[in-house]
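We did not get these values from a lab; they are worked out from the coordinates using the rules stated. These numbers were taken from a predicted model, which means no experiment stands behind them. All Cβ positions, glycine included, derive from the backbone under ideal geometry; neighbour counts span all protein chains shown.
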Amino acid sequence: MNILVIGSGAREHTICRKLLESPEVGDVYCLPGNFGMKNNGIKLVHINPFEFEEVIDFTKNNSITYTVVGPEDVLVAGIVDEFKKNNLLIFGPSKEAAQLEGSKDFAKQIMNSSNVATASSQTFGDINEALSYLSEVEYPIVIKKDGLASGKGVVIADNLEIANEVCSKFLNETGSTIIIEEYLDGEEISAMYFVQGLNSYPMPFSQDYKRAFDNGEGPNTGGMGAYAPLKQMGVEERKAADKIIEAVLVELNRRRIEFTGIIYAGLIKTNNGIKVIEFNVRFGDPETEVVLPLLESDLAVNILEILQEKKTKFIWNDRLSYVCVVNATKGYPSNPSKVKINAFPKLEKTKIFYSNLDSEERSSGRSFVIVGSGTNIKEAQEEVYKEVPEIPGFFYRKDIGK
């Protein structure tokens, strides 16, 4: 079978390489992809993912068995709905279901209706009401911009002055809504599941590092590294995560919102148990780069069976651990520079997945991810940091896995 993957980052690079491992797969296309993927036999398709008619025409003309959607923005824009109108198989949630990530307010409604533990919150569209509320709350407080923000629409405000500044900035943008919620303290868990209707299949837990710099300092980013699995999380944490996913799927089903694709629950283990920070409706990035290498079953067949509404079986490696380190251009996330990469060192044991590389080997923002493995996190961490390249104009965190 031939498979199309929508997206252009290291997450999509990882998905494509995993699909190519299948003996059942002929060609894997990535639309639009990036030029770093070509080294692995992935075929790039130079079409804008939001030009749905062109994407559908390509799918029909190239004998694509099914399509996998990587990024959230095209899911929220409704690509799945357009594919289904044309009777084409596509792995991802509908436009309505994608609001679980596309609208933080909608996600809160779903959590509250399904009795899922989460931070208490208030939603505001009026700046004066928000500022009045901020004068009454305890700090730190979390302020989230409603809608998609590529992991950069969340600010933890330590005091009223910062909170007022953030609220004013977010709400001065046309049509903006914000959610102000209590700060939850604890260890975070990325819990991803393959989903078809009420059926869910868990992936190993992972953990990502959202702050730009070592020791959790600097602004929030799309993620600067990750590791998997989380050996410190056991049966109780898995039961709690499963219960959350089951409750949310039941509530979506009650509302006649069918979900096929990936649900990602951003969880936090507090002193009062596991709570939900947020939901995403696609593979996490960079979590995918450390989770999919643990998959021993055939991803291409697993996804096809889900799309055919058949039961499938995922087999995960419990003997290895993975750590990945994101390399970004200086100035990321607020003002990333564009850097020409003259030469990459040869990697002996680790793998590289590209996030952002053009035909002239220029990159901006999160650019590539180095992934190492070992029998435990410490070994994987040592392996990856031996081979992370030092390239002028780039930076990376040196504490991923700690």
Work out, in µm²/s and without decimals, the Stokes-Einstein translational diffusion coefficient of region 303-356 at 37 °C, 0.692 mPa s, Rh from Kirkwood over C-alpha pairs. 207 µm²/s
Could you tell me which GluC sites (Glu not before Pro) in region 257-292 are loop residues by DSSP with no more than 16 other beta carbons within 10 angstrom of their beta carbon? 258
Find, among the chymotrypsin sites (Phe, Trp or Tyr not before Pro) in region 161-233, those assigned to loop by DSSP (not H, G, I, E, B) with at most 16 other beta-carbon atoms within 10 angstrom. 183
Kirkwood hydrodynamic radius (Cα pairs, Å) of region 2-94? 12.9 Å
Could you name the lysines whose alpha carbon sits less than 22 Å from that of residue 402, not counting residues in the same chain fewer than 8 places away? 210, 231, 269, 349, 351, 378, 386
Decide, for region 121-182, between rounded, prolate and oblate: order the square roots of the alpha carbon gyration tensor eigenvalues as a ≥ b ≥ c, take rounded if a/c falls under 1.5, and otherwise choose prolate if a/b is larger than b/c, else oblate. oblate
Rounded, prolate or oblate for the chain? Axes are the square roots of the Cα gyration tensor eigenvalues, ordered a ≥ b ≥ c, and the cut-off for rounded is a/c under 1.5. rounded
What is the sum of charges, Lys and Arg at +1 and Asp and Glu at -1, for the other residues whose Cβ falls under 15 Å from the Cβ of residue 310? -2
Of 185, 285, 146, the one that fluctuates the most in a GNM where the chain has Cα springs shorter than 10 Å: 185
Among 112-122, 13-23, what's the highest-first ranking by average C-beta atoms within 10 angstrom per residue? 13-23, 112-122
Average Cα contact separation per residue, the chain, under 8 Å, 6 or more apart, as relative contact order %: 17 percent
Other residues with Cβ under 13 Å from the Cβ of residue 271 give, with Lys and Arg +1 and Asp and Glu -1, a net charge of 0
Tell me the trypsin sites (Lys or Arg not before Pro) within region 258-356 that lie in a loop according to DSSP and have at most 16 other beta-carbon atoms within 10 Å. 310, 311, 313, 319, 330, 346, 349
Most fluctuating of 298, 358, 73 in the GNM of the chain (C-alpha, under 10 Å) is 358
Among 233, 37, 224: highest mean-square fluctuation, GNM of the chain, C-alpha pairs under 10 Å: 233
In deg cm²/dmol, rounded to the nearest 500, the helical mean residue ellipticity at 222 nm of the chain, built from -39500 (n - 2.57) for every DSSP H run of length 4 or more, is -8000 deg cm²/dmol
Once residue 115 and residue 183 are pulled to full extension, the length gained, defined as 0.36 nm per residue separation minus their Cα-Cα distance, is 22.6 nm
With a ≥ b ≥ c the root eigenvalues of the C-alpha gyration tensor of region 319-402, is it rounded (a/c under 1.5), prolate (a/b larger than b/c) or oblate? prolate
For the chain, what is the charge dipole size about the Cα centre, in debye to the nearest 20, if Lys and Arg each add +1 at the Cβ and Asp and Glu each add -1 at the Cβ? 820 debye
